[in-house]
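So the structure is just underneath, and the comments pick up after that.
Each reported figure results from applying straightforward, stated rules to the coordinates on display, with no laboratory input. This is a predicted model, so every value here is computed, not measured. FYI the Cβ positions are ideal-geometry reconstructions off the backbone, even for glycines, and counts take in every protein chain you see.
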Amino acid sequence: QKEVEQNSGPLSVPEGAIASLNCTYSDRGSQSFFWYRQYSGKSPELIMSIYSNGDKEDGRFTAQLNKASQYVSLLIRDSQPSDSATYLCAVKSAGNQFYFGTGTSLTVIP
Amino acid sequence: DTAVSQTPKYLVTQMGNDKSIKCEQNLGHDTMYWYKQDSKKFLKIMFSYNNKELIINETVPNRFSPKSPDKAHLNLHINSLELGDSAVYFCASSQGETVNQPQHFGDGTRLSIL
């Protein structure tokens, strides 16, 4: 079983819709959770972090964490073509090790 | 003021050569990392290093070796380059012992083996 799992996609949504990206993790002791966005040919860029159960909102982005279910998600409201990228879920374990998922490719269709 | 900088950005070389990629961070972080990202876009951890411990991913060939002259630098040296080494290599840093601190990435080095 991989430490962090994501659906690889591709996920396509129309412009203006909500994009929902999901991630599960195996280490129940994990404490920190991050979402990175990676445009083609660029480096991963941190867009959200979450540490407590519940929702955390930042502009059009909402991260959701459910530690009991070992599940973290990212919602992108009012999706724009500029949101088209690969989204990487990262988990920092209890041992301070980072684990990345394989990424979900998102395409927002104008 | 680049936080994590890597050089060179592009590296094209022949099979069998030895090459190095340099990485420097000015964030004051105590832990640095090297990742390999292949054509399938999966970020594979190669090494993590702080002033206490080097953690090596056991799947990394011993042709790859990290070298850290100080805690702001972690260079990657590769011996006897092979075709399968072609990939993008990312350096990253974090404050390793602090739970809520993320990793910050450099711009990557695109390595092509001819």
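Whole-Hz ³J(HN,Hα) for each residue in region B:104-114, computed from phi via Karplus 6.51 cos²θ - 1.76 cosθ + 1.60 with θ = phi - 60°, x for glycine and proline: what do you get?
Each residue's phi maps through the Karplus curve to give 10, 9, x, 7, x, 10, 8, 9, 10, 9, 8 Hz.
Convert 37 °C to kelvin, take the viscosity as 0.692 mPa s, use the Kirkwood radius over C-alpha pairs of region A:49-110 as Rh, and evaluate the Stokes-Einstein diffusion coefficient in µm²/s, rounded to a whole number. Provide the component values of the computation, followed by the final result.
Numbers: Rh = 13.0 Å.
My calculation gives 253 µm²/s for D.
What spacing in nm lies between the two simple spin-label points modelled at A:S26 and B:L27, each 7 Å away from Cα in the Cβ direction?
2.6
Could you give the dipole magnitude of region A:18-81 about its Cα centre, charging the beta-carbon of Lys and Arg +1 and that of Asp and Glu -1, in debye to the nearest 20?
On the way: 7 positive and 6 negative charges, 18 e Å.
Dipole size: approximately 80 debye.
Where the convex hull is taken over the Cα atoms of the protein assembly as shown, what is its projected area averaged over directions, in nm²? If you can, show how the numbers build up before the last one.
Numbers: hull surface 50.2 nm².
Average of the hull's projected areas for the protein assembly as shown equals 12.5 nm².
With a cut-off of at most 16 other beta carbons within 10 Å, and DSSP calling the residue loop, which GluC sites (Glu not before Pro) in region B:16-86 qualify? Please list them.
Answer in residue order: B:E53, B:E58, B:E82.
Hey, could you get me the Stokes-Einstein D for chain B, Kirkwood radius over alpha-carbon pairs, 25 °C and 0.890 mPa s, rounded to whole µm² s⁻¹?
Values: Rh = 14.1 Å.
Diffusion coefficient, whole number: 173 µm²/s.
Set the bar at 21 Å for Cα to Cα. Now go through A:K42/B:K9; A:K42/B:K71; A:K67/B:K40; A:K2/B:K9 and name every pair that lies beyond it.
Checking Cα-Cα distances, A:K42/B:K71; A:K67/B:K40; A:K2/B:K9 exceed 21 Å.
With each label point set 7 Å from Cα along the Cα-Cβ vector, what nm distance links A:S8 and B:N57?
Between A:S8 and B:N57, the simple spin-label model gives 1.6 nm.
For A:K56 and A:I109, what does the FRET efficiency come to when R0 = 30 Å and r is the distance between their Cβ atoms, rounded to the nearest 0.05? Spell out each step's value before the answer.
Numbers: r = 27 Å, r/R0 = 0.91.
The computed FRET efficiency comes out at 0.65.
For the residue pair B:S68 and B:N100, what label-to-label distance in nm results when each label sits 7 Å from Cα along the Cα-to-beta-carbon direction?
It is 2.5 nm.
Kindly list the residues of region A:37-55 that lie in the label zone of A:Q80, defined by a backbone N under 20 Å from the point 7 Å along the Cα-to-C-beta vector.
A:37-49
What share of Cα pairs, in percent, lie more than 24 angstrom apart in chain A? Display every interim value, and only then the final one.
Numbers: 1094 of 5995 pairs.
Everything past 24 Å amounts to 18 percent.
Cα atoms only, region B:45-102: Rg and Dmax in Å?
Taking only Cα atoms of region B:45-102, I get Rg and Dmax of 12.7, 38 Å.
Alpha carbon centre of region B:8-52 versus region B:55-73: separation in Å?
9
Apply the Karplus curve 6.51 cos²θ - 1.76 cosθ + 1.60, θ = phi - 60°, to the phi angles in region A:93-110 and return the couplings in whole Hz, x for Gly and Pro.
Running phi through 6.51 cos²θ - 1.76 cosθ + 1.60 with θ = phi - 60° gives 6, 4, x, 6, 9, 8, 10, 10, x, 7, x, 10, 7, 10, 10, 9, 8, x Hz.
Under unit Cβ charges (Lys, Arg +1; Asp, Glu -1), what dipole magnitude, rounded to 20 debye, does chain A have relative to its Cα centre?
Values: 9 positive and 10 negative charges, 44 e Å.
Once rounded to the nearest 20, the dipole reads 220 debye.
As a footprinting exposure proxy, order A:S69, A:S30 by other Cβ within 10 Å, with the fewest listed first. Numbers along the way, then the final one.
Details: A:S69 9, A:S30 21.
So the residues, fewest neighbours to most, are A:S69, A:S30.
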